[in-house]
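Right, one structure below, let's go through it.
The values are calculated or read from the model by the stated rules, or taken from the named source; none is laboratory data. Predicted, not measured: the structure shown is a model, and the values here were computed from it. Here the Cβ positions follow ideal geometry from the backbone for every residue, glycine too, while neighbour counts run over all protein chains shown. Just the protein is used for accessible areas: all its heavy atoms, side chains included, with ligands, DNA and RNA removed. Shrake-Rupley method; radii C 1.70, N 1.55, O 1.52, S 1.80 Å.
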There are 2 protein chains.
Amino acid sequence: MSFIAPVSDQRLTLNAVVGIGELEGGPDAEMVDAVLEGAAALAEGEFAPLASIGDTVGARWDNGRVTMPAGFKAAWQSFVEGGWMTLAAHEEHGGQGLPHSMSAALMDNLNAANLGFALCPMLSMGAIEAIAQHGSDELKRDYLPKIVSGEWPATMNLTEPAAGSDVGALKTKAEAVGDGSWRIKGTKIFITYGEHDLSDQIIHLVLARTAGAPEGTRGISLFLVPKLMPDGSANDVRCVSIEHKLGIHASPTCVMSYGDHEGAIGWLVGPELGGMAAMFTMMNNARLNVGLQGVGIAERATQRAVAYALERKQGLRNRLPVPIAEHPDVRRMLLRMRALTMGARALLYYAFGQVDRAARGDGAAALRAEVLTPLAKAWGTDVGCEVASLGIQVHGGMGYIEETGAAQHLRDARIAPIYEGTNGIQAADLVGRKLGLDGGLAFDGLIADVRDETRDARLVALADAVEVAATTLRESAPDDRLAGSYPFLTMTSVMVAGWLVERMARSEGADARTKAATDFFVATIVPEALGLGAAAEAGAALLYEVPAEALA
Amino acid sequence: MSFIAPVSDQRLTLNAVVGIGELEGGPDAEMVDAVLEGAAALAEGEFAPLASIGDTVGARWDNGRVTMPAGFKAAWQSFVEGGWMTLAAHEEHGGQGLPHSMSAALMDNLNAANLGFALCPMLSMGAIEAIAQHGSDELKRDYLPKIVSGEWPATMNLTEPAAGSDVGALKTKAEAVGDGSWRIKGTKIFITYGEHDLSDQIIHLVLARTAGAPEGTRGISLFLVPKLMPDGSANDVRCVSIEHKLGIHASPTCVMSYGDHEGAIGWLVGPELGGMAAMFTMMNNARLNVGLQGVGIAERATQRAVAYALERKQGLRNRLPVPIAEHPDVRRMLLRMRALTMGARALLYYAFGQVDRAARGDGAAALRAEVLTPLAKAWGTDVGCEVASLGIQVHGGMGYIEETGAAQHLRDARIAPIYEGTNGIQAADLVGRKLGLDGGLAFDGLIADVRDETRDARLVALADAVEVAATTLRESAPDDRLAGSYPFLTMTSVMVAGWLVERMARSEGADARTKAATDFFVATIVPEALGLGAAAEAGAALLYEVPAEALA
């Protein structure tokens, strides 16, 4: 089933939710349309046709080299030549300087079309941000233009076998050579696109610990480590193996070994011990982009399910054979899929829009973006999984057959709640940092905005419940806060998404489908989230009544 | 990670929820223990070690023959020789005549150990019931003993390409030969264990339409069609292909062709046009057994997640490195997994217990079993998927790597909400037939029993909400009932499961883990279900605001 980019939904979201027209120095309506249509053609024409081979053949490892499935290299060339990697990068580095919310629309489509492939540009985006914000002039001069152009894809090397969510536990070492360069030694795991044949050069951003650095996250520095040295010789870095995963088979998930011999040569990005700041620059970008993966998969799964439900005839209505889309419970699933997809898209684009405003010096928007990031990452990816699973269900028995394609969406979607900070880490961030940001005003302002704008009693009731839970959590001990963090994150996300889709449905240009999906969202998904209040406020004592061993 | 059968949970559930000790002619405590321990040893020692090869190698088709992975045939021999297939079959057919609730404990373990393998005996169980209740004396004499012994596994052939949920649309034809036998011609799809090399003989139960039969379900008859004729020659039946599925790779899902030549020979099970009654005998058994698949997978996924969370160290608590099981949100996931597993097990065993009482002439129990069947099938399998997905999440990045084993549970679990009547069909059955059964008294009696027994205000609140929704749905038009059927099914199921686990937690022999999981269930999962009331009562208009095409 071919993918059709949701251009009109994207335009509506950019207009009504992001307010792209009011963004200082932002694109005009013509430019927005041109980008949306170009991104649609790229996703539909180049990325989507490779989704199936990406899954069935996948990336292959042989003796340190990784081969992408047939067609990927040519599609990557099209992507680079089309200038798509340059979209949101700054003009001084060869970028087009478009807002991140426009880049969001691009990635939304690429994720929908071929998630395993879309990870390649996604990683580069985070690296571009990190180097642009923290890198030296030399690094920017020598590396940024080609990363921005897409000729040199980039990677993020954080995780090690004993340092996953606890990145401060990493052991990779960096030793100063004396000429400004460093020798890196260590093993990194779960490195997305750590090795591939889309390009000769690959630029690795690697977290490591310098000699004498303090323990934990304060002792971490970020290094740029190219696969090929400036003279074209090989650096001391090798892809040891790739993982056999549930999904995103096109994306090579690499074990990377740095410094098997004398040490891989790298250069500091930012100051020594400044690794965490640089990492968060990458991570915040990546977290929103991972949230978009949920949106993209949800879009694709919804399109596929609707198409099947319209084509598959089964059972009668008014004594006539009908497509299953006419049966109420199937229609309920389709509406839920569409409503969740629309809500997640609204939340994600809105968050990118706040990042854009923050980049233009709007301090309130910067705080709002911080509050939204854990919601957007966690709920966006939860929506991706739920919608993909519903998509299988709509297909009945055919959904379980791999050739149908519905199952791939669930397999692909299932990684997103895990990487770039598990959704549990996002929930901890929400209650641990974001709830108290700016003395609590950043979070409270969000609730106030919902209350000020919505005209729906059900949304107001949810805003009230979120406020009650927020008050309880703020007064609670840290464990109690963490115990309720996940249900609290979900109910807050639904509140924000409900508020934004309702705004969309009221806006000029809203079509009947937007109104129908919004009505469904507010009537069923919003009240459902009210049920999470008890769990959000339940406290931690419930969790520690017995030792964990007793639960085995 | 090796599987440990949850013997003490099973014993507690059989005692406190099923009341196995009060069951007329039921096993004494010693017998219960002997069966539970024997079933545990079988599942742990014979089935579980083959789960991984079952997934990675799977069943292989070649030119009409299906080869099972190495070890399956020997394990099946052990199963047969241990007399496990005979457990719940009637003594007159070579069975042990034990209650179905004891068989539930066996299948719970086999599903947990190796779902793809456990499907083989599951299908035979339904066939045994159908032949015992509807078959002629000759069929019972000639076929039942060897199906009951396990020497001749049996299958259910319902689905055809254009007849899935709408079984009445099937086209397979049966023509009377004149000597009491029939010639069957047609193609059946999604036939579990339709062909394999565990045995020479396979007994197919096939729904077909006789000449001149009316359209729809009233025109259907059930036939017994052996793979090998009584003289040992091959019948005219062939496995054309097997499916490439998301999970349960060990289970061959066959396209079966009957009558490529002169027609496959078969004999009526029950009267001509009596196929639906016989089918429901098979289906009701199978529906509860599929619900148990959710329980088994949930058990296995929970055990694996707890083991990993105890072993994996990451992050600090009180400045010391701790296993991730100590972190509140991970502990929340583990408790949710255990609580849902326990709740689903209680609901399923309880339903089997009502079937046992119905078989002893208890009319109220028969009605109760009818009400419980859609809840047990749908919610049991939804729990299987949710818990398997949480299990992946607990593992973090390792959960996405196939070798870890956590991902297989989600892949395996995902079929259960689909087959034996999709969960949407179960929800339709609940609001369409079960809500009005016995003038509504059967359903209302369930609510009344919850209210009479529980001492918890949260459970009472849920019972109130279920009653309000039930009243609304009864007064609604059919489409409105169907529109709310799924959320109504979920909230009703949570009410029943919450009631039963609370009973368990209060019972003699309840351990601290049962109490902790029950406290969590009642404090978080029960209030969450309250949030579904609005969706249950929302009506169908919301679903038809736009044509389905608009949702693509």
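Binning at 10 angstrom from zero up to the longest distance, how are the C-alpha pair distances of the stretch A:1-114 distributed in percent?
Percent of Cα pairs in each bin: 13, 40, 29, 14, 3, 0.
Nearest 0.05, what FRET efficiency do residue A:74 and residue A:136 give at R0 = 41 Å with Cβ-Cβ as r? Walk me through the intermediate numbers first.
On the way: r = 35 Å, r/R0 = 0.85.
The value I calculate is 0.70.
Which order do A:136, B:124 take when ranked by solvent-accessible area (1.4 Å probe, heavy atoms of all protein chains), largest first? Could you put the intermediate results ahead of the total?
On the way: A:136 45, B:124 0 Å².
My answer, sorted largest first, is A:136, B:124.
Can you list residues whose amide H is under 5 Å from residue A:228's amide H, if they're 5+ apart or on another chain and H is modeled 1.01 Å from N?
A:202, A:235
Just subtract the alpha-carbon distance of residue A:461 and residue A:52 from 0.36 nm times their residue separation and send over the number in nm, one decimal. Mind dumping the intermediate values first?
On the way: separation 409, 0.36 × 409 = 147.24 nm, distance 4.41 nm.
Difference between extended and current length: 142.8 nm.
Regarding the protein assembly as shown, what is the average projected area of its C-alpha convex hull, in nm²?
Numbers: hull surface 163.5 nm².
Directional mean of the projected Cα hull area for the protein assembly as shown stands at 40.9 nm².
Grab the eigenvalues of the alpha-carbon gyration tensor for the stretch B:362-447, scale each by 5, take roots, and send me the semi-axes largest first in whole angstrom.
Numbers: eigenvalues 249, 26, 17 Å².
Three semi-axes, in Å: 35, 11, 9.
Which whole number gives the average count of other chain Cβ atoms within 10 Å of the Cβ atoms across peptide B:515-527? Intermediate values should be presented prior to the final figure.
Details: counts 2, 8, 4, 1, 6, 5, 0, 2, 6, 11, 3, 3, 9.
Counting Cβ atoms of other protein chains within 10 Å of each residue's Cβ and averaging gives 5.
Could you give the DSSP H helices of chain B that reach 15 angstrom or more along their long axis (alpha carbon positions) and whose average Kyte-Doolittle hydropathy is no lower than 0.0?
Taking the DSSP H segments of chain B (at least 15 Å long, mean hydropathy at least 0.0), we get B:29-42, B:100-134, B:275-311, B:328-359, B:363-394, B:441-453, B:457-474, B:485-506.
Please compute the modelled spin-label separation between residue A:151 and residue A:29, points set 7 Å along Cα→Cβ, answer in nm with one decimal.
Using points 7 Å along Cα→Cβ, the separation is 3.9 nm.
Skipping prolines and chain starts, which residues have an amide H placed within reach, meaning under 5 Å, of the one on residue B:159, given they are 5 or more residues away or on another chain?
Under 5 Å from the amide H of residue B:159: B:189.
Summing +1 for each Lys or Arg and -1 for each Asp or Glu, what net charge is found among the other residues whose Cβ lies under 15 Å from the Cβ of residue A:77?
Values: positive: A:73, A:146; negative: A:46, A:81, A:151, A:197, A:200.
The answer is -3.
Using Cα pairs under 8 angstrom and six or more residues apart, how large is the relative contact order of chain B, in percent? Show your work: numbers first, answer last.
On the way: 1070 pairs, mean separation 74.0, N = 552.
Averaging sequence separation for qualifying contacts and normalising by length gives 13 percent for chain B.
Using a label point 7 Å beyond Cα on the Cα-Cβ vector, give me the inter-copy distances for residue B:541 in nanometres, one decimal, shortest first.
Between copies, matching label points for residue B:541 lie 4.7 nm apart.
Compute the whole-percent fraction of alpha carbon pairs in chain B spaced more than 39 Å apart.
Details: 38151 of 152076 pairs.
Counting every Cα pair in chain B, those more than 39 Å apart make up 25 percent.
Can you work out the FRET efficiency for the pair residue B:448 and residue B:92, with r the C-beta to C-beta distance and R0 = 45 Å, to the nearest 0.05? Display every interim value, and only then the final one.
Values: r = 38 Å, r/R0 = 0.85.
Efficiency, rounded to the nearest 0.05: 0.75.
Tally Lys/Arg at +1 and Asp/Glu at -1 over every other residue whose Cβ is under 9 Å from the Cβ of residue A:424; what's the total?
Values: positive: B:332; negative: B:329.
Net charge around residue A:424: 0.
For the stretch B:153-274, what number results from the quotient of the Cα radius of gyration and 2.2 N^0.38 Å? Walk me through the intermediate numbers first.
Numbers: Rg = 13.8 Å, N = 122, 2.2 N^0.38 = 13.7 Å.
Cα-based Rg divided by the globular estimate yields 1.01.
How long are the three semi-axes of the equivalent ellipsoid of the stretch B:37-100, in whole Å, if each is the root of 5 times an eigenvalue of the C-alpha gyration tensor, listed from largest down? Walk me through the intermediate numbers first.
On the way: eigenvalues 145, 51, 14 Å².
Equivalent ellipsoid semi-axes, largest first: 27, 16, 8 Å.
I need the per residue convex hull volume for the stretch A:1-66, using only the alpha carbons, in cubic angstrom as a whole number. Don't skip to the answer; put the middle values down first.
Details: hull volume 8.9 nm³, N = 66.
Each residue corresponds to 134 Å³ of Cα convex hull volume.
Divide, for the stretch B:376-422, the radius of gyration over alpha carbons by 2.2 N^0.38 Å, where N is the residue count. Intermediate results must be reported in sequence, preceding the final value.
Working: Rg = 11.3 Å, N = 47, 2.2 N^0.38 = 9.5 Å.
Compactness ratio reported: 1.19.
What is the helix-to-structure angle for A:423-432, meaning the angle in degrees between its Cα long axis and the longest Cα principal axis of chain A, kept from 0 to 90 and rounded to the nearest 10?
Around 90 degrees separate the two axes.
Would you kindly work out, in nm and rounded to one decimal, the distances from the label point of residue A:30 to those of the same position in each other copy, ordered shortest first, with label points 7 Å along Cα-to-Cβ?
Once sorted, the set of distances for residue A:30 reads 9.3 nm.
May I ask you to list the trypsin sites (Lys or Arg not before Pro) in the stretch A:444-480 that are in a DSSP loop and have at most 12 other Cβ atoms within 10 Å of their Cβ? Don't skip to the end; give the middle numbers.
Values: sites: A:451, A:455, A:458, A:474; in loops: A:455.
Those that pass, being in a loop and sparsely packed, are A:455.
Got a sec to turn the phi values of the stretch A:194-209 into Karplus ³J(HN,Hα) couplings, 6.51 cos²θ - 1.76 cosθ + 1.60 with θ = phi - 60°, whole Hz, x for Gly and Pro?
Along the stretch A:194-209, the couplings run x, 8, 5, 10, 6, 8, 7, 8, 9, 9, 9, 9, 10, 7, 8, 10 Hz.
Extending each Cα 7 Å along its Cβ direction at residue B:244 and residue B:2, get the distance between those two points in nm, one decimal.
3.6 nm
Quick one: how many lysine pairs does the stretch B:153-274 have with C-alpha atoms less than 13 Å apart and a gap of 8 or more or different chains? Give me the count, please. Walk me through the numbers before you get to the answer.
On the way: B:171/B:185; B:171/B:188; B:173/B:185; B:173/B:188.
Lysine pair count for the stretch B:153-274: 4.
What does the average come to when, for each residue of peptide B:535-547, you count the partner chain Cβ atoms lying within 10 Å of its Cβ?
On the way: counts 9, 1, 3, 6, 2, 3, 2, 9, 14, 5, 9, 10, 6.
The mean count of partner-chain Cβ atoms within 10 Å per residue comes to 6.
Across the stretch B:310-395, how large is the tail of the calculated P(r) beyond 21 Å, expressed as a percent of all Cα pairs? Don't skip to the end; give the middle numbers.
Details: 1779 of 3655 pairs.
Value for the stretch B:310-395: 49 percent of Cα pairs lie more than 21 Å apart.
What average number of partner chain Cβ atoms lie no more than 10 Å from the Cβ of the residues making up B:239-248? Let's see the in-between values first.
Working: counts 0, 0, 0, 0, 6, 5, 6, 12, 2, 1.
Rounded to a whole number, the mean comes out at 3.
Between residue B:228 and residue B:366, with labels modelled 7 Å along Cα→Cβ, what's the label distance in nm to one decimal, could you check?
Label at residue B:228, label at residue B:366, 3.9 nm between them.
For the stretch B:423-551, list log₁₀ I(q)/I(0) at each q in 0.09, 0.12, 0.14, 0.17 Å⁻¹, using the Debye formula over Cα point scatterers of equal strength and ignoring solvent, two decimals each.
Once normalised to I(0) and log-transformed, intensities are -0.29, -0.49, -0.64, -0.86.
Apply 1/(1 + (r/R0)^6) to the Cβ-Cβ distance of residue A:262 and residue A:62, taking R0 = 22 Å, and write down the FRET efficiency to the nearest 0.05. Mind showing how you got there, number by number?
Details: r = 25 Å, r/R0 = 1.14.
For residue A:262 and residue A:62, the calculated efficiency is 0.30.
Using a 10 Å cut-off on Cβ atoms, rank the peptides B:57-64, B:222-229 from the highest mean neighbour count down.
Output ranking for B:57-64, B:222-229: B:222-229, B:57-64.
Just which residue of chain B brings its Cβ nearest the axis of rotation onto chain A, and by how many angstrom, rounded whole?
Minimum Cβ distance to the axis, with residue: B:531, 1.
Enumerate by residue number the GluC sites (Glu not before Pro) in the stretch B:448-510 meeting two conditions: DSSP loop (anything except H, G, I, E, B), and at most 10 other Cβ atoms within 10 Å of the site's Cβ.
Numbers: sites: B:453, B:467, B:475, B:502, B:508; in loops: B:475, B:508.
Answer by residue number: B:475, B:508.
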